[in-house]
Amino acid sequence: MRKNLVAGNWKMNMTYQDGLALVSEITNMVADEVGGSGVEVVICPPFPFLHSIGKLLTAGGNIHLGAQNCHQKESGAFTGEVSAKMLQSVGVEYVILGHSERRQYFHEDNELLSQKLKAVLAAGLKPIFCVGESLETREADETFAYLEKQLKEGLFHLSNEEFDQVTIAYEPIWAIGTGKTATSQQAQEVHAFIREQIARAYDAEAALNTTILYGGSANAQNARELFSQPDVDGGLIGGAALKSRDFTEIIKSF
Ligand code: PEP
């Protein structure tokens, strides 16, 4: 079911001690409001902190635990990797997949991401699947064709039941970590387009029920305007998720 959701992606930032302090600040600031507001909050710390932070979140209230990636296989000789089942066993609920940094620096393509999606769903976890175009693609006026391909190849192979579990994050690459946010009109235009594609691939109900987040330099100043767009259901937040006050303000923007 479609919901308002704010997810914080810490990326490869923070020590364990910094992370614990940040989470206690966030839970103290938002615990009461998150409970009553209907906004779902997800925090995605690095792997080594997941278990302890998950315990803090359970104790602190209605904030959920997410991971930033996982391997496509269930187990085996894959030194250094982490499976969806392992994540599930430490209390993770959400997994970010297809972030542009994973696509760019770790060469994750739609084929690999399809396998990761299956693994996440098989473990009973909920994927936050990222799509988004580069500046070059936008300037060449190819944004919609590019997104259509990402969605078709990466996501629309899922069954209706599987797709029900998916949250989509539209993250224009040119806006990630650059301080250059998409305008609310640009975000709305793409979110509406994504919803149309879902309706085509599945049906109108699936399109209406899918939560679609915006990500890319969202902050406490621009979140309200972005979240007020009819097809923007929340945000995937990078830099601003590392500061308790900024992240909390974003959550309160609904
Ligand atoms: C992200 O990495 O998902 C992101 C949106 O980062 P930032 O908010 O820093 O642009």
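Of Ala169, Ala182, which residue is under 25 Å from Ile43 (Cα atoms), buried (at least 20 other Cβ atoms within 10 Å of the Cβ), under 19 Å from the mean Cα position of the chain (by Cα) and modelled with pLDDT under 95? Spell out how you get there, then give the answer.
Values: Ala169 fails: modelled with pLDDT under 95.
Answer to the check: Ala182.
Give me the pairs, please: first residue somewhere in the stretch 174-201 and more than 16 Å from the ligand (Cβ to nearest atom), second residue anywhere and modelled with pLDDT of 95 or more and acidic (Asp, Glu), beta-carbon distance under 7 Å, and either six or more positions apart or on two chains.
Gln188/Asp231; Ala192/Asp231; Arg195/Asp231; Gln197/Glu148
What's the total number of residues in the stretch 195-216 that are under 25 Å from Gly124 (Cα atoms) and within 15 Å of the chain's Cα centre (by Cα)?
6
Select from the stretch 97-117 the residues that are within 16 Å of the ligand (Cβ to nearest atom) and basic (Lys, Arg) and write down the one among them that is surrounded by the most Cβ atoms within 10 Å (Cβ to Cβ). Before you say what the answer is, go through the steps one by one.
Step one: filter the stretch 97-117 for residues within 16 Å of the ligand (Cβ to nearest atom), giving 97-106, 108, 113.
Going one step further and asking which of them are basic (Lys, Arg), we end up with 102-103.
On the way: Arg102: 18, Arg103: 20.
The extreme case among them is Arg103.
Could you check the stretch 172-191 and list, in sequence order, the residues that are in a loop (DSSP other than H, G, I, E, B) and of a type in the set (D, E, K, R)? Outline the logic, then answer.
The first filter runs over the stretch 172-191 and keeps only residues in a loop (DSSP other than H, G, I, E, B), leaving 172, 176-183.
Correct list: Lys180 only.
Could you list, in sequence order, the residues of the stretch 68-115 that are of a type in the set (Phe, Trp, Tyr), closer than 24 Å to Ser134 by Cβ and assigned to a loop (DSSP other than H, G, I, E, B)? Working first, answer last.
Filtering the stretch 68-115 down to residues of a type in the set (Phe, Trp, Tyr) leaves 78, 94, 105-106.
Applying the additional criterion that residues be closer than 24 Å to Ser134 by Cβ yields 105-106.
Residue satisfying the conditions is Phe106 alone.
Closer than 30 Å to Thr15 by Cβ, more than 10 Å from the ligand (Cβ to nearest atom) and in a helix (DSSP H, G or I), is that true of Arg224?
Working: closer than 30 Å to Thr15 by Cβ: no; more than 10 Å from the ligand (Cβ to nearest atom): yes; in a helix (DSSP H, G or I): yes.
Here the answer is no, as Arg224 does not meet what is asked.
Of these, Ile168, Ile128, which one is out of contact with any helix residue (DSSP H, G or I) (no Cβ under 9 Å at 6 or more places or on another chain), in contact (Cβ under 8 Å) with a residue 24 or more places away in the chain and within 20 Å of Leu5 (Cβ to Cβ)?
Working: Ile168 fails: out of contact with any helix residue (DSSP H, G or I) (no Cβ under 9 Å at 6 or more places or on another chain).
Exactly one residue qualifies, and that residue is Ile128.
Which residue out of Met1, Met29 is assigned to a helix (DSSP H, G or I) and either among the aliphatic types (A, V, I, L, M) or within 28 Å of Leu147 (Cα to Cα) (or both)?
Working: Met1 fails: assigned to a helix (DSSP H, G or I).
Matching residue, one of Met1, Met29: Met29.
Does the stretch 116-170 hold any residues that are among the basic types (Lys, Arg) and part of a helix (DSSP H, G or I), and which are they? Give the derivation first.
Taking the stretch 116-170 as the starting set, the residues that turn out to be among the basic types (Lys, Arg) are 116, 118, 126, 138, 149, 152.
Scanning the stretch 116-170 gives Lys116, Lys118, Arg138, Lys149, Lys152.
From the residues in the stretch 227-250 that are of a type in the set (Val, Ile, Thr) and within 14 Å of the ligand (Cβ to nearest atom), which one is nearest to Thr167 (Cα to Cα)? If you could, list the steps in order and put the result at the bottom.
Taking the stretch 227-250 first, the residues of a type in the set (Val, Ile, Thr) are 232, 237, 248, 250.
With within 14 Å of the ligand (Cβ to nearest atom) added as a condition, the list becomes 232, 237, 250.
Values: Val232: 12, Ile237: 14, Ile250: 19 Å.
Among those that are of a type in the set (Val, Ile, Thr) and within 14 Å of the ligand (Cβ to nearest atom), it is Val232.
Looking at (1) assigned to a helix (DSSP H, G or I); (2) within 16 Å of the ligand (Cβ to nearest atom); (3) buried (at least 22 other Cβ atoms within 10 Å of the Cβ); (4) not charged (D, E, K, R), which one does Leu213 not meet, given that it meets all the others?
For Leu213, the failing item is (1).
Listed here are the residues, each with its yes/no results for (1) exposed (fewer than 14 other Cβ atoms within 10 Å of the Cβ); (2) acidic (Asp, Glu); (3) over 18 Å from Leu236 (Cα atoms).
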| position | (1), (2), (3) |
| --- | --- |
| Asn9 | no, no, no |
| Asp18 | yes, yes, yes |
| Glu40 | no, yes, no |
| Pro45 | no, no, no |
| Thr58 | yes, no, yes |
| Asn69 | no, no, no |
| Ser75 | yes, no, yes |
| Phe78 | yes, no, yes |
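The values are calculated or read from the model by the stated rules, or taken from the named source; none is laboratory data. Predicted model, so just to flag it, every value in this text is computed and none were measured. No Cβ is skipped: glycine too gets one built from the backbone with ideal geometry, and neighbour counts run over all protein chains shown.
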